[in-house]
Amino acid sequence: VTVTASNTAACPSGGNTCYSVTITGMVPLFLSQVVGYAGDTTVNGVKEKTLGSAAIAKQTTIKQPLCLLALSQIGTALRSNGGPNTNFTGCSVMSNSNGTCNGSNLHANYGLAHNTSNGCGNTQVSSVPVVPDPYASLASNIPPNTCSSYPQETKHGSHYSGGTSLSGTLASIGNKIMCGDVQLTGNVTITGTAGVLVIENGQLDLNGYTLSTASGSAVTIIFSGTSGSYTHAVTDNGGSGVLNIQAPTSGTWSGVAMYQNPNLTTGVDISYAGNSPTWDINGLVYMPNSNVTISGAVGKSSNGAACMVMGA
């Protein structure tokens, strides 16, 4: 019996990227010789017939749900150091350049990387095609900027002041545009239907307080504006702030909890340690040009589905 395998076989639909296996062997002939059929070969004086069987298979792509997509195609877009409690079970992580995980594989089903995947995921796969940015087009839906000025926070010793103060209850916010830095001066609860909170040329300083969505409510926090000396991110100058929000489940911003305008290229980085602030978020966190460093836990919102997706 002879077995011949190929990974450059001709495909029925064209091309030569299919896999094939051909098995051939010889079968002795007995009764067929009575009617004059003598086969096509002789082995040790016995008339035999060569028989063969072939199979062709085409490689297919199996889509993997991604909970973390590192968009940069330069250097190592995804790096994890430690993270023993990180748990991406049920989904996968992807880097559009290199992916390196030290100390923990993140418990993701697959650790995918366009270049080299090293240590990420239960199964590590390199040379994966680049994943196009799936959310950049949402920027066209950001409400128009109505701001004429952008007040900023200033630091006085260890205390920060300035910008726009925010506290209390926000009911049915719709498309709420806020100009410049926004500083919580008390806990904030968003109630009513899902809304969009747009911060133009400013940061969201939790200032040690909690911004949350009530049960049945949802919000998309959008950072927009122009690149420059502004900060377009969540900060916590108070040291114990909590962002406890869930994304809308319908409409244009369905599934999006936080969104940085992809046109922003400076003032977009996020770095926090020791859960300062604490992120309890359900939905997508989209930061396409941000260097994201998280040294602490990321949890789910008190309300809504237990799911967070990050694109950075």
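Yes/no per residue for (1) at pLDDT 95 or above; (2) part of a strand (DSSP E or B); (3) farther than 27 Å from L78 by Cα:
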{"site": "I221", "(1), (2), (3)": "yes, yes, no"}
{"site": "S227", "(1), (2), (3)": "no, no, no"}
{"site": "S250", "(1), (2), (3)": "no, no, yes"}
{"site": "G267", "(1), (2), (3)": "no, no, no"}
{"site": "S276", "(1), (2), (3)": "no, no, no"}
{"site": "N303", "(1), (2), (3)": "no, no, yes"}
{"site": "M310", "(1), (2), (3)": "no, yes, no"}
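Considering (1) assigned to a loop (DSSP other than H, G, I, E, B); (2) open to solvent by less than 60 Å² (accessible area, probe 1.4 Å); (3) modelled with pLDDT under 85, the lone condition that K63 does not fulfil carries the number (2). Residues that are farther than 23 Å from L68 by Cα, open to solvent by less than 60 Å² (accessible area, probe 1.4 Å) and part of a strand (DSSP E or B) within segment 125-159 comprise just one, E153. Here Y272 meets each of (1) modelled with pLDDT under 90; (2) hydroxyl-bearing (S, T, Y); (3) not in a strand (DSSP E or B) with one exception, condition (3).
What number of residues within segment 97-124 are under 23 Å from S295 (Cβ atoms), open to solvent by less than 60 Å² (accessible area, probe 1.4 Å) and part of a loop (DSSP other than H, G, I, E, B)?
Of segment 97-124, the ones under 23 Å from S295 (Cβ atoms) are 97-108, 111, 113, 117-121.
Right, trim to open to solvent by less than 60 Å² (accessible area, probe 1.4 Å) and you get 97-101, 104-106, 108, 111, 113, 117, 119-121.
From what is left, the residues that are part of a loop (DSSP other than H, G, I, E, B) are 97, 104-106, 108, 119-121.
Looking only at that region, the number is 8.
Among the residues of segment 248-261, none qualifies, meaning not one is touching an Asp or Glu at 6+ places or on another chain (Cβ under 8 Å) and not β-branched (V, I, T). The set of residues from segment 192-202 being farther than 21 Å from G251 by Cα and part of a strand (DSSP E or B) comprises just one member, E200. Within segment 249-271, can you find the residues that are open to solvent by less than 10 Å² (accessible area, probe 1.4 Å) and out of contact with any Phe, Trp or Tyr (no Cβ under 8 Å at 6 or more places or on another chain)? A257, I270 - these are the residues of segment 249-271 that are open to solvent by less than 10 Å² (accessible area, probe 1.4 Å) and out of contact with any Phe, Trp or Tyr (no Cβ under 8 Å at 6 or more places or on another chain). Scanning segment 183-191 turns up no residue that is open to solvent by less than 40 Å² (accessible area, probe 1.4 Å) and assigned to a loop (DSSP other than H, G, I, E, B).
The values are calculated or read from the model by the stated rules, or taken from the named source; none is laboratory data. Bear in mind that the values here come from a model prediction, so they are computed numbers and not experimental data. Positions of Cβ are generated from backbone atoms using ideal geometry, with glycine treated the same way; all protein chains shown enter the neighbour counts. These accessible areas exclude ligands, DNA and RNA; they are computed on the full protein's heavy atoms, side chains included. Shrake-Rupley method; radii C 1.70, N 1.55, O 1.52, S 1.80 Å.
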